[in-house]
Amino acid sequence: MSLRIRIAITALFCILFFSNISLAQQIQEEFLIDIKLSEFKLTLIDKNSQSSEFKIATPAVTPKSLPIEAIVLAVERDPYWHPTERTREAYLRQRNIELPILLRPGDPRNAMGKGLIRLKYSRSGLIDGNVVIHGTNDEESIGKKISRGCIRLYNKDIITIIQTIQNKSTRVIFQK
């Protein structure tokens, strides 16, 4: 390959990578996950506009600037949970539960439930980069503003979504 072609390819890559084009415009997604925080609703929409709705638990504090876009980086079945120090302190203070640094899949204290969806944000600083969409070990929390930032679903619903979007390009939009 000639030097001119390599330079042109590198320049094109840099333009796409560093431009203000949203992540959704850079990829042709097969699915859209539309999260409406005020309605406690997650809607999964395929490229043919077929949709399924799921009830969710939302962050106790709504981010100030919405909508926020993200793309799905990865999905995991039966995830481990690494609660932050702040989360471990909150569990101890509010529930009198002492959490270890790592909780294995199946541990009844594992707040990730049966699955999780890892995200990459196209606008940073608005939602903590550790926010994921996941199942729950507390299904009574669904329909409430309760989480420390994540979106929670019933375990059966997170498994359905994971099975649907696994290995597919998926965009996520958080809205009020």
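The values are calculated or read from the model by the stated rules, or taken from the named source; none is laboratory data. Please read these numbers as outputs of a predicted model, since none were measured by experiment. Because the Cβ atoms are built from the backbone with ideal geometry, glycine has one as well, and the counts that use them run over all protein chains shown.
A few notes on this one:
- If only residues of segment 26-75 that are outside any strand (DSSP E or B) and among the charged types (D, E, K, R) are counted, the one that is surrounded by the most Cβ atoms within 10 Å (Cβ to Cβ) is GLU29.
- Qualifying residue in segment 60-75 (condition: touching a helix residue (DSSP H, G or I) at 6+ places or on another chain (Cβ under 6 Å) and small (Gly, Ala, Ser)): no
- Test: residue in segment 88-96 that is within 15 Å of SER147 (Cα to Cα), touching a residue at least 40 places away in the same chain (Cβ under 8 Å) and not in a strand (DSSP E or B): yes
- Of the residues screened, ASP78 is one that is of a type in the set (D, E, K, R), surrounded by fewer than 21 Cβ atoms within 10 Å (Cβ to Cβ), modelled with pLDDT of 90 or more and under 23 Å from ILE33 (Cα atoms).
- Verdict on ARG148 being touching a Ser or Thr at 6+ places or on another chain (Cβ under 7 Å), on the phi < 0 side of the Ramachandran plot and at pLDDT 95 or above: no
- Applying a threshold of 7 Å to beta carbon distances and a minimum spacing of six or more residues, or different chains, the list of pairs starting in segment 32-45 at a residue that is without any contact (Cβ under 8 Å) to a residue 40 or more places away in the chain and ending at one that is of a type in the set (Asp, Glu) reads LYS41/GLU53; THR43/ASP34; THR43/GLU53; ILE45/ASP34.
- Counted residues, segment 97-112 - those being within 28 Å of ILE33 (Cβ to Cβ) and assigned to a loop (DSSP other than H, G, I, E, B): 10
- Positions within segment 126-145 being modelled with pLDDT of 95 or more and surrounded by 19 or more Cβ atoms within 10 Å (Cβ to Cβ), in sequence order: ILE133, HIS134, GLY135, THR136
- When every residue of segment 85-97 is checked against the conditions, none turns out to be at pLDDT 90 or above, in contact with a strand residue (DSSP E or B) (Cβ under 8 Å, 6 or more places away or on another chain) and not hydroxyl-bearing (Ser, Thr, Tyr).
- Residue in segment 113-124 that is of a type in the set (Gly, Ala, Ser), at pLDDT below 90 and part of a loop (DSSP other than H, G, I, E, B) present: yes
- Among residues of segment 48-68 that are at pLDDT below 80, those with a beta-carbon under 6 Å from a residue that is part of a loop (DSSP other than H, G, I, E, B) at least six positions away or on a different chain give the pairs PRO63/LEU126; PRO63/ILE127; SER65/LEU126; LEU66/LYS176.
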